[in-house]
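S.K.: One structure, as structure tokens, below. Some questions next.
Derivation of every value follows stated rules applied to the coordinates shown; laboratory data play no part. All of these numbers come straight from a predicted model, not from anything done at the bench. Ideal geometry is used to build each Cβ from the backbone, glycine not excepted, and the neighbour counts take in all protein chains shown.
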Amino acid sequence: MPNVPCFGANAIGLPPLIKLLFMSVIVVGTMAFDAIETPFGKSDKIIGGSATYVAYAASHFIQPVQQVSIVGYDFPNEEINALKALGVEVEGVEIVPDKKSFFWSGKYHLDMNTRDTLVTDLNVLADFKPVVPESYQGAEFLMLGNLVPAIQKSVINQLKHRPKLIVLDTMNFWIESALDDLKEVLQLVDVLLVNDGEARELTGEYSIVRAAKKILAMGPKYLIIKKGEHGALLFHANSVFFAPALPLEDVFDPTGAGDSFAGGFIGHLARTKDISFENMKTAIIVGSVMASFCVEKFGTQRLKEITREDIDARLDAFVQLVNFDIALV
Ligand code: AMP
């Protein structure tokens, strides 16, 4: 059983010298309002956004999380304060006083694995030009959450020191509307996270293995293909590793599962300071654990309430799920 205790110390408020002892992670992405429909229920406008989910998940393992995002006048202060209380630094979150926050609405199919986007209102995102604060310089890990690919690239370009690991997430919306920019940023990152549909769309290959080969030739050295309730695959050179998803009795809202996975993945790597393929195997189990919590309630609710004990117990459940001895014949 890999040893993955959570990181409890709150690095916020510590003098700069002591902060240097902690690995920091820059998280870039949307902070948004979502409206979600599933076959079993409907939410009002709730807090979402790729960077929000990543930050909530990663903060269980690593602090500080240094957030880069943009919100409008309508984004609640309480939410920003809740993130700060978990060790998320928000100097890089721009607040636009006369525009609305990014809004996304989606409707899940009966399988709760696939969804249709109903609305994407870019609002503040339309003219977002992030400026990475000086205090974020030197971060060892960069998580580029789902966002306009050109903005993801501009964040990489602003960093004076290349992080040890750059992870990028994207989605069909950007594959369809900004493919050239996406291909450019892919050349600059170490790990790409996509779901199986996106891997197929990006490469035109039905076979996941062929799609993985093509993506690994586009730039990233590591590729994670998420398959919703069917787990996730990690590809690197000629190696592949599989992590299951935990079979859950109730899935209320799959929104943010991918981002929570990303937060757990990078949070574990940053906490252990080890970016080897072997440690990435553990990291995708940690990612799967965080995704399994996320889907249990609407929005970010579950990620906010879980404790270290909950995470440890679920890690153990994952280990039991795939722990078998087989007699070779
Ligand atoms: P996931 O379910 O992990 O793919 O992430 C869903 C989150 O991504 C939601 O909270 C949305 O606010 C956010 N989102 C949806 N569409 C986009 C987009 N085109 N760019 C960035 N974030 C998005």
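S.K.: List, in the order given, every pair from Lys42/Lys129; Lys107/Lys226; Lys160/Lys183 whose Cα-Cα distance in the structure shown is over 26 Å. All intermediate terms of the calculation are to be shown ahead of the outcome.
M.R.: Details: Lys42/Lys129 33 Å; Lys107/Lys226 19 Å; Lys160/Lys183 22 Å.
Those over the limit are Lys42/Lys129.
S.K.: What would the Debye formula give as log10 I(q)/I(0) at q = 0.09 Å⁻¹ for the alpha-carbon point model of segment 171-329, no solvent?
M.R.: Per q value, in the given order, log10 I(q)/I(0) is -0.31.
S.K.: Using a simple spin-label model with points 7 Å from Cα along the Cα→Cβ vector, what separation in nm is obtained for Ser276 and Ala85?
M.R.: 3.9 nm
S.K.: Taking the mean number of other Cβ atoms within 10 Å as a proxy for protection, how do you rank 102-108, 37-43 from highest to lowest?
M.R.: 102-108, 37-43
S.K.: Right, another one. Can you tell me how much longer the chain between Thr114 and Glu205 gets when fully stretched, taken as 0.36 nm per residue apart minus their C-alpha distance, in nm with one decimal?
M.R.: 30.9 nm
S.K.: What Kirkwood Rh does the chain have if only Cα atoms enter the pairwise 1/r average? Answer in Å.
M.R.: 19.7 Å is the Kirkwood radius here.
S.K.: Counting only helical runs of four or more DSSP H residues, what would the 222 nm mean residue ellipticity of the chain come to if each run contributes -39,500 (n - 2.57) and the total is spread over all its residues?
M.R.: -10000 deg cm²/dmol
S.K.: If packing is taken as the average number of other Cβ atoms within 10 Å across a peptide's residues, how do 278-286, 247-255, 44-52, 150-158 rank, most packed first?
M.R.: Put in order of decreasing packing, that is 44-52, 278-286, 150-158, 247-255.
S.K.: Now, a different point. Could you give the size of the charge dipole of the chain about its Cα centre, using +1 on the Cβ of each K and R and -1 on the Cβ of each D and E, expressed in debye and rounded to the nearest 20?
M.R.: 820 debye
S.K.: Report the label-to-label distance for Asp310 and Asn238 in nanometres (one decimal), using points 7 Å from each Cα along the Cα→Cβ vector.
M.R.: Label-label distance for Asp310 and Asn238, simple model: 4.4 nm.
S.K.: What is the spin-label model distance, in nm, from Asn157 to Ser177 if the labels are put 7 Å beyond Cα along the C-beta direction?
M.R.: 2.1 nm
S.K.: While we're here: Among the DSSP beta bridges whose two residues both lie in the chain, what percent are antiparallel, rounded to the nearest 5?
M.R.: In the chain, approximately 40 percent of DSSP beta bridges are antiparallel ones.
S.K.: If packing is taken as the average count of other Cβ atoms within 10 Å, what order do 310-318, 185-193, 84-92 fall into, highest mean first?
M.R.: The most tightly packed comes first, giving 185-193, 84-92, 310-318.
S.K.: Which one of Gln63, Ile306, Thr120 is farthest out on the positive end of the charge dipole of the chain, using unit charges on Cβ (Lys, Arg +1; Asp, Glu -1) and the Cα centre as origin?
M.R.: Gln63
S.K.: Treating cross-link reach as a plain straight distance, find the aspartates and glutamates whose alpha-carbon is under 12 Å from the alpha-carbon of Lys227, omitting any fewer than eight places away in the same chain.
M.R.: Asp196, Glu198
S.K.: Also, I was wondering about something else. For segment 191-294, with the dipole built from +1 on Lys and Arg beta-carbon atoms and -1 on Asp and Glu ones, taken about the Cα centre, which of Phe241, Leu216, Gly197 lies farthest toward the positive end?
M.R.: It is Leu216, whose Cα lies furthest towards the positive end.
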